[in-house]
Amino acid sequence: MNSVSRLILNNRLPLLIFVFVIFVTGICFGAFAVKTVDYEINQNLFKFFNGFINNYKDIEYDKANLVRNSVKFNLINIIIFWILGSTVILVFLIPILIFFKGFVLGFTVGFLISQYDMHGIIISVVSVFPQNIFIIPSFILAGAVAIAFSLDIIKNYRGSINLNFEDFIDYSLRMGIFTIFLLAGSIIETYITPYLFSLVVN
């Protein structure tokens, strides 16, 4: 059944918009949360990040280990989405995870801008956005596809549609495609973002 894979067509488009709105809402809450953080915690975060910037030139890190950890983190996330979309009963966790990812992004960018003004915008552009050009769309699409598949399982139980093993393979292949884009994000995060960040710091 092709309707499972054709997410952005017909009745799948509202679902994609729903997931996107959840993510944007998370960003807004995250940005707003910066203003509600306790002053002492805010100062501790500022000192930590400021110390990281000042000592960035002296930091030595294993790129192979970094990319390995980044890939592992993204793979775990996509596998969680894949499992949640297959279980039906836990599918409600997907919007929560999408919201949380938006919240973290919004808080990070909001904190940088609140502490460094225009410099914070520049830091955000070079350190947050390059890898997320691939990561964010992949998670949004993966979340929407997982929810869509879960809804189709429910429809299958009700007898309104017929799912077969090919539909499950199609669902898994879609998630595999998103994984490739996540891997691209991990490579950018490890090899390109640090270089751009070093240019700004210098």
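The values are calculated or read from the model by the stated rules, or taken from the named source; none is laboratory data. What you see is a predicted model, and the numbers here were worked out from it, not measured in a lab. Positions of Cβ are generated from backbone atoms using ideal geometry, with glycine treated the same way; all protein chains shown enter the neighbour counts.
Regarding Val109, is this residue surrounded by fewer than 15 Cβ atoms within 10 Å (Cβ to Cβ), under 19 Å from Ala33 (Cβ atoms) and at pLDDT 90 or above?
Taking the combined requirement at face value, the residue does not satisfy it.
What pairs come up if the first residue lies in segment 34-61 and is closer than 14 Å to Leu112 by Cα, the second is at pLDDT below 80 and surrounded by 10 or more Cβ atoms within 10 Å (Cβ to Cβ), and their beta carbons are under 8 Å apart, counting only those six or more places apart or on different chains?
Ile53/Val201
Considering only segment 42-93, how many residues are within 23 Å of Lys155 (Cα to Cα) and polar (S, T, N, Q)?
Residues flagged as within 23 Å of Lys155 (Cα to Cα) and polar (S, T, N, Q) within segment 42-93 amount to 2.
Scan Leu141, Leu84, Leu93, Leu105 and give me the residue that is free of Cβ contacts under 8 Å to residues at least 60 places away in the same chain and not charged (D, E, K, R).
Answer to the check: Leu93.
Restricting attention to segment 64-104, report how many residues are farther than 22 Å from Ile136 by Cα and assigned to a helix (DSSP H, G or I).
3
When segment 159-189 is examined, which residues are found to be of a type in the set (Ser, Thr, Tyr) and either within 16 Å of the chain's Cα centre (by Cα) or farther than 22 Å from Phe139 by Cβ (or both)?
Ser160, Thr179, Ser186
Modelled with pLDDT of 90 or more, touching a Leu at 6+ places or on another chain (Cβ under 9 Å), crowded, with 16+ Cβ neighbours inside 10 Å and aliphatic (A, V, I, L, M): which single residue out of Ile83, Ile22, Ile94, Ile98 fits that description?
It is Ile94.
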